[in-house]
Amino acid sequence: AIGEFLIFLDSDDFWGDELFLEKVSKYSENADLIVFDFKMISDKDQTKHGKPYDSVKDLKFSYTNGKAFLEDALYKMPDYLWYPYKYVLRSKVWKENHISFPQGRIYEDCATMFLYILKANKVIVLQECFYNYRVFRQGALTSFDTGKTLEDRLLAAVQPIEYLMQQDTLSQEL
């Protein structure tokens, strides 16, 4: 990555707002992490009008750091989703902390995002839906379960929790 920020777009998904970058740039000067909502768009019913997932509805607008954001998100939503497509990341933080996705895994991005979040300084949460995530797309790696898919999905769910518990990073209430 050579730009100031990283954003992720899966090849079969699409942005839901033409003004996405313009809106996000208003808050990017001091934030290491910008969080926003997404919609799930089903290929089964051919609709392009999914409803927002509400993955940010109970969160504050601003957090002093990623740890504060993560504690609040996990407290309010124990099944918090780690998908990278709902974030804008400052590339400097990613590079300085040598964060990378594990090779050869499905859901590798979900198993990695918490590492970035913990390193982020100021976090901004936008109550807008910018991303459209296609589900039930024929041929997608995550649209059918194999032993490998299930194993990787489990790893992606368990690894962040194990890491956070071992590091004693978050409050004991969680």
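For Phe14, the residues 5 or more places off, or on other chains, whose built amide H falls under 5 Å of its own are Asn132, Arg134.
The phi-based Karplus calculation (6.51 cos²θ - 1.76 cosθ + 1.60; θ = phi - 60°) puts the 3J(HN,Hα) values of the stretch 92-97 at 4, 5, 4, 5, 4, 9 Hz, whole numbers, x for Gly and Pro. For the chain, adding -39500 (n - 2.57) for each run of n ≥ 4 DSSP H residues and dividing by the number of residues yields -8500 deg cm²/dmol at 222 nm.
Computed over protein heavy atoms with a 1.4 Å probe, the carbon and sulfur contribution to the accessible area of the stretch 51-111 reaches 51%. For the chain, the calculated P(r), taken from all Cα-Cα distances in 5 Å bins from zero up to the bin holding the longest distance, is 1, 8, 16, 21, 21, 17, 11, 4, 1 percent. Annotation for Phe14 and Thr64: the two label points, set 7 Å from Cα along the Cα-Cβ direction, are 4.3 nm apart. Accessible surface computed residue by residue for the chain, with neighbouring protein chains in place and a 1.4 Å probe, gives 58 Å² per residue. For Glu128, the residues 5 or more places off, or on other chains, whose built amide H falls under 5 Å of its own are Asp37.
Considering only alpha-carbon pairs that sit under 8 angstrom and 6 or more positions apart, the relative contact order computed for the chain is 35 percent.
The DSSP beta bridges internal to the chain are antiparallel in roughly 55% of cases. What is the distance, in nm, between label points placed 7 Å from the Cα along the Cα-to-Cβ direction at Ser28 and at Val135? Spacing of the two 7 Å Cα→Cβ label points: 3.0 nm. For the chain, a simple Cβ point-charge model (Lys and Arg +1, Asp and Glu -1, everything else neutral) yields a dipole of about 180 debye relative to the Cα centre.
Sequentially through the stretch 98-112, phi angles give Karplus couplings (6.51, -1.76, 1.60; θ = phi - 60°) of 6, 7, 8, 7, x, 7, x, 10, 8, 6, 4, 5, 5, 7, 10 Hz, Gly and Pro residues having no value and appearing as x. Scanning residues 5 or more positions from Ser62 or on other chains, those with amide H under 5 Å from its amide H are Val125, with H placed 1.01 Å from N in the peptide plane.
Once you have a ≥ b ≥ c as the square roots of the Cα gyration tensor eigenvalues for the stretch 91-140, tell me rounded if a/c is under 1.5, and otherwise prolate or oblate according to whether a/b is larger than b/c. Oblate.
The values are calculated or read from the model by the stated rules, or taken from the named source; none is laboratory data. This structure is a prediction, so every number in the text was calculated from the model and none was measured. We place every Cβ from the backbone using ideal geometry, glycine too, and count neighbours over all the protein chains shown. These area figures cover heavy atoms from the full protein model, side chains too; ligands, DNA and RNA do not enter into them. Shrake-Rupley method; radii C 1.70, N 1.55, O 1.52, S 1.80 Å.
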